[in-house]
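Each remark here refers to the structure printed beneath this line.
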Amino acid sequence: MSLSSKHILDLQSMPREDIELILRTAEGQREILDRNVKKVPILRGKSVCTFFVENSTRTKCSFEIAAKMLSADVTGISRTGSSLNKGESFKDTLLTLEAMGVDLFIIRHSASGSPYYASKIVKSHIVNAGDGMHAHHTQGLLDLMSVRERMGTIEGLTVLIVGDIYHSRVARSDIWGFSKMGAKVRICAPETLIPAELGRFPCEIYTDLKQALKGADVVNMLRVQTERMHSGFFSGTREYNCYYGLSEKLLREYAPDAVVMHPAPINRGIEIDSEVADGERSIIVRQVTNGVAVRMAILYLLLGMPE
Ligand code: CP
């Protein structure tokens, strides 16, 4: 089986069959991470470029590690240290790298839609690694994989996403991903952090965290993205933590059996207490490991299948 598209841009447009195929492939490839020699020759001779003009630790490193484990050659470009900083355009930079033989670009950009634009410019494969506030579907896929691993299924679960929904591409991808896989999705945030567009998304909206937690099987806490906040969305981090932070006490009282997630990086003590983030119901570290497996699966399905 192969994917229905040569680009991977978002979960909203991805058929459920493609999501299933990526998850099954990632579940099969995860064991490579446990081997003594973490390398297989599947993508030997293929050239992959991580094109990151926004900061990243997890997504960039896990794509690079995934590509290297599959024996692809990896080149990285960022704004600092490249001719983007001299004013060269996004388009000319893509065309330049494609002329050097890049088969697949992994793009993170602050502008929503830039990977879609890139897919019209070059013939190479494009994987969206996070575009503005729009989509971060590889995070969505690793979230699906991590929940399925822990709970055995996604179908029928109640998944609660809490926090800075307004600025979160993870929330937008998770809402589509979990609902396509048969979960009921709730979001909970202060009204100022609920975007108007959310009415078009398959989710229930809450502003009271205690109410939202009741009956939740999975609680996904989002980072407060202060770097994207150019006006006051709430009066202070202490007040935010008081109403929307996840403490052990709150979890024990309102969702005692729930699994806890966070895409990271984490603002400890703001959206989640360390006791919860590092506690036994947290799968945050496992999300990171599964991120490598999901990205291996995507690279394999796009570049490693017989033509
Ligand atoms: N979760 C996530 O996308 O982390 P990075 O920004 O570090 O890649």
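The values are calculated or read from the model by the stated rules, or taken from the named source; none is laboratory data. Note that the coordinates shown come from a computational prediction; the quantities given were computed from them, not determined experimentally. Here the Cβ is made from the backbone with ideal geometry for all residues, glycine too, and neighbour counts use every protein chain on show. Heads up: the accessible areas ignore ligands, DNA and RNA and are worked out on the full protein's heavy atoms, side chains in. Shrake-Rupley method; radii C 1.70, N 1.55, O 1.52, S 1.80 Å.
Listed values, structure above:
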quantity	calculated
Ellipticity estimate at 222 nm from DSSP helix runs (n ≥ 4, -39,500 (n - 2.57)) divided over the chain, nearest 500	-11000 deg cm²/dmol
Only Lys, Arg (+1) and Asp, Glu (-1) charged, at Cβ; the chain dipole about Cα centre in debye	580
Highest-MSF residue in the chain out of GLY163, GLY291, GLY76 [GNM, Cα springs under 10 Å]	GLY76
Percent breakdown of C-alpha pair distances by 5 Å bin, ordered from the shortest bin, for segment 236-307	3, 15, 20, 17, 13, 9, 7, 7, 5, 3, 1, 0
TYR243, TYR166, TYR254, reordered so the largest accessible area comes first (probe 1.4 Å)	TYR243, TYR166, TYR254
Relative contact order (percent, whole number), segment 188-307, Cα cutoff 8 Å, 6+ residue spacing	26
Alpha-carbon radius of gyration plus Dmax, which is the widest Cα pair, for the chain in Å	19.2, 58
Three principal axis lengths of segment 28-104 [C-alpha, angstrom, descending]	44, 25, 18
Given charges at beta-carbon only (K, R positive; D, E negative), |dipole| of segment 36-98 in Debye	320
Charge context of LYS214, other residues only, Cβ under 14 angstrom, K/R +1, D/E -1	-1
Share of pairwise Cα separations in segment 88-137, more than 18 Å, in percent	23
Accessible surface, per residue, of segment 156-207 when the full set of protein chains is kept, probe 1.4 Å, Å²	31
Partner lysines for LYS91 [C-alpha distance under 25 Å; skip if fewer than 8 residues away on the same chain]	LYS6, LYS46, LYS60, LYS120, LYS123
Crossing angle, helix 90-99 versus the chain [Cα axis fit, 0-90 degrees, rounded to tens]	40
Loop GluC sites (Glu not before Pro), segment 18-120, which have at most 14 other Cβ atoms in a 10 Å radius of their Cβ (DSSP)	GLU88
Relative contact order %, the chain, counting alpha carbon pairs below 8 Å whose residues are six or more apart	21
Portion, in percent, of the accessible area of the chain that falls on carbon or sulfur, probe 1.4 Å	49
Peptide ranges 218-224, 32-38 listed from the most packed, as the mean C-beta count within 10 angstrom indicates	218-224, 32-38
Dipole in debye (nearest 20) - segment 6-61, about Cα centre, beta carbon charges: Lys, Arg +1; Asp, Glu -1	380
Relative contact order [Cα under 8 Å, 6+ residues apart], segment 238-307, whole percent	33
Mean Cβ neighbour count within 10 Å, used as a protection proxy, ranking 146-157, 131-142, 263-274 highest first	131-142, 263-274, 146-157
Accessible area per residue, Å², segment 211-307 with all protein chains present, probe 1.4 Å	46
Pairwise Cα inverse-distance average, inverted: Kirkwood Rh of segment 153-307 (Å)	16.2
